[in-house]
Amino acid sequence: MEDLDPPREPPGAADTILRQMEDLGMYWDGEVLYQSTRLSAYEEILQDLLSRNLCFPCTCSRRQVRAMGSVYDGSCRSRTGDPAGSYALRLRTVPEMWGMEDRIQGRYEQNLESDVGDFVVRRRDGLFAYQLAVVADDAYQSINQVVRGIDLLDSTPRQLYLQSLLGYPRPHYAHFPVLLNEQGQKLSKQHFAAPVDTRQPAALLRRALCFLNHPPPTDLAGPAELLDWAAGNWDILRIPAWRGIPASRHE
Ligand SMILES: [Zn+2]
């Protein structure tokens, strides 16, 4: 459960997500792991990266970083001595191609230094960055299959690089298409999309399966029946491959 950013999270959001999954007939094995309980593990990783000189303090303001375009220009890399005031920590990237064979989208790779740039692992406000937390948690939970929205495809090379620096095994990846609004943005609360209404779970599941090119027979009634059918008839090669979300790389 990605609850690292308390100021941006409405109270009860995590519980709502779990309840919605239950409404849809989806359950989980084991305890839910909350990122907010993992801060000391993230801190340990950060200290390890720092001691190996793999990250550096960055005092650039939001405005300065924005002026660099989509890739951080490395301007704080060469600073010596302690920075004044608050700072973010960025991971030093290398001019190498990093990528993977995505099970839906095919080959995807980026040059870490010129396409991505040194990226934030701890934010200026002290919060750990998503990239660091997700890599730490996947390894901690022995995740070997990562299935998520295509809006995170662009993050994957950074995560592969971090995994390799930390000596973690590499999972397999499958990035799904996501629902978009008329402006081509992902339906999310950030873009003021209406929340998911799970009062009619079977109708929702049916629409989701159609979106994923797995239209179910019309005589299936409840969520459990639909999910059973989907599991039995699943073919990942039928999921539409599509790269529709523009990248934002600074965080
Ligand atoms: Zn900087």
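Across the stretch 73-89, coupling constants 3J(HN,Hα) worked out from phi with the 6.51/-1.76/1.60 Karplus curve, θ = phi - 60°, read 8, x, 5, 8, 4, 9, 5, 10, x, 7, x, 8, x, 7, 8, 8, 10 Hz, and Gly and Pro carry x.
Using the Cβ-Cβ distance between Q183 and A13 with R0 set to 25 Å, the FRET efficiency works out to roughly 0.55. Using the average count of surrounding beta-carbon atoms within 10 Å as a protection proxy, the listed peptides 33-46, 110-123, 185-198 rank, highest first, as 110-123, 33-46, 185-198.
Pair-distance distribution P(r) for the stretch 112-186, from all Cα-Cα distances in 5 Å bins starting at 0: 3, 13, 22, 22, 19, 13, 6, 1, 0 percent. For the pair V147 and Y168, a Förster radius of 22 Å applied to the C-beta separation gives a FRET efficiency near 0.75, rounded to the nearest 0.05.
For the chain, taking a cut-off of 4.7 Å between Cβ atoms, the unpaired cysteines are C55, C60, C210.
Proximity of backbone amide H atoms, modeled 1.01 Å from N, is registered between Y173 and R103, V146 at under 5 Å, excluding neighbours fewer than 5 places apart on the same chain. Taking every C-alpha pair closer than 8 Å and separated by at least 6 residues, the mean separation divided by the residue count of the chain gives a relative contact order of 19 percent. Taking the Cα centre of the chain as origin and assigning +1 to Lys and Arg Cβ atoms and -1 to Asp and Glu Cβ atoms, the resulting dipole is close to 900 debye. Between the amide H of A129 and those of R122, R123, distances stay under 5 Å, these residues lying 5 or more places away or on another chain, with hydrogens modeled in the peptide plane.
With a Cα-only, solvent-free Debye model of the stretch 6-180, what are the log10 I(q)/I(0) values at q = 0.12, 0.15, 0.20 Å⁻¹? Results for the stretch 6-180 at q = 0.12, 0.15, 0.20 Å⁻¹ read -0.65, -1.01, -1.55.
No value in this document is a laboratory result; all are computed from the given coordinates. Quick caveat: nothing in here was measured; it's all calculated off a predicted structure. Cβ coordinates were reconstructed from backbone atoms using ideal geometry, including for glycine residues, and neighbour counts include every protein chain displayed.
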